[in-house]
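Read-outs throughout are calculated quantities, based only on the coordinates presented, and are distinct from any laboratory measurement. It should be emphasised that the depicted structure is a prediction, and the values quoted were computed from it without experimental measurement. Positions of Cβ are backbone-derived with ideal geometry, glycine not excepted, and every protein chain shown enters the neighbour counts.
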Amino acid sequence: MSRLIVLIPEGYFIEYFVYSVARDDEVTDRYHGPTGEMCKVEWTGKIRFRGEGLTSEELRKLIGRYSPEAIAVRLLYGGEEFKKTQVYDRAVLERLKSLAAQSPLHIPTAVRLLKILERIVPTPEILLFFETAFFANLPLSERTYAIDGNLPDSYGEGLGDVRRFGYHGIFHGALARKIRQKGIEARRVLSICLEPIPEVAGIYDGKPVTVSSGSTPMEGLPGNTTCGEIDPGIILLLEEKKKWGPETINEMLSRKSGLTALAGKNVTIADVVLREGEFGRARDLLEYRLLLSCGAAIGVMGGFDTVAFSGRYVAVADRLAERIVPKLARGAAEPSLPSLFFMQESLDRLMAESYCRSKLQAEIIH
């Protein structure tokens, strides 16, 4: 067996997952089972950021210990530049650096990480998985904001490519693919991703047509600590009345809002769904906002055949489904309960499966 290391940057640390993977000769000569059986997680852990950057020592030790044939890196943002998984090289790095102005919180960190990986010898093949890739070709009416994204020079640097994206594309894309593989008849899929920043996507014939997130993950549904959609005037009010700067406002809206703010303590989506008596206000708001986003997606698709759940809190999805799916069905032109689909796989597992599938089908384009 060979090995794959999956890296998922999360805030101030990087989660890593070491997978054993079937060897090339096993894949090409003898393997005929599901791709999920080709890989098995052996070890997991975290590498913490040091100050403004990363230290190469821990990564060097990790790679030296397991000698992986490849490293899969999850990147939050790829813009319209990256519409599929990419094999890393210097040209890809330069293209990625050009997106820094569009995603200043994520791209510089990703670039530092890739430069460190590049310097580790021997360097395994590096594969980049972009969360936005699944949404790169959203319909024009869905991705467009009614603002001038390229303001005149008199306003300073232009805003560049300001448009709506989704930020859980790996989950949504895998979910649509698994539904097809299982032979489920569903042209119109309502995909609900239960991550710390949850997201609803409408998937029609395997392609996304609408998504609740926006230019950044802040727009859309309220999350564990993120506010979700708010009136932009509130930001101006905080600046004017509180005299808060951008960093303070961002800290409040992204780390001190959402379900945690409503509950008055640190909570997750799973907490508010399971402990409804204690966190009723937070649960009611979450369900209400889910209904609004789902209703919008249903309207765009002209109905829905399947409601599908994924994400790290998928274990509580059945409780949510009991409460919101009947309401959605009653609002349909022809009321009937849609089929339900629950995808249990974690993000790292989906990335590992994608790598194994590429070994079978040569899907990754060099």
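Key figures
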read-out: Antiparallel bridges, percent of DSSP beta bridges restricted to the chain (to nearest 5); value: 60 percent
read-out: Theoretical gain in end-to-end length, I120 to E229 [0.36 nm per residue, Cα-Cα removed]; value: 35.1 nm
read-out: Neighbour-count ranking [beta-carbon atoms within 10 angstrom, fewest first] of C39, C227, C193; value: C227, C39, C193
read-out: Cβ-based exposure ranking for I147, I14, in which fewest neighbours within 10 Å come first; value: I147, I14
read-out: Longest segment of the chain lacking chymotrypsin sites (Phe, Trp or Tyr not before Pro) that sit in a DSSP loop with at most 14 other Cβ atoms within 10 Å; value: 146-366
read-out: Where GluC sites (Glu not before Pro) fall in DSSP loop in segment 165-235, at most 12 other Cβ within 10 Å; value: E185
read-out: Fewest-first ranking of M343, M351, using other Cβ atoms within 10 Å as the exposure measure; value: M343, M351
read-out: Difference of contour (0.36 nm per residue) and Cα-Cα distance, L340 to I184; value: 55.1 nm
read-out: Phi to ³J(HN,Hα) by Karplus 6.51 cos²θ - 1.76 cosθ + 1.60 over segment 238-255, Hz, x for Gly, Pro; value: 4, 5, 6, 7, 8, 6, 7, x, x, 5, 5, 5, 4, 4, 5, 6, 9, 10
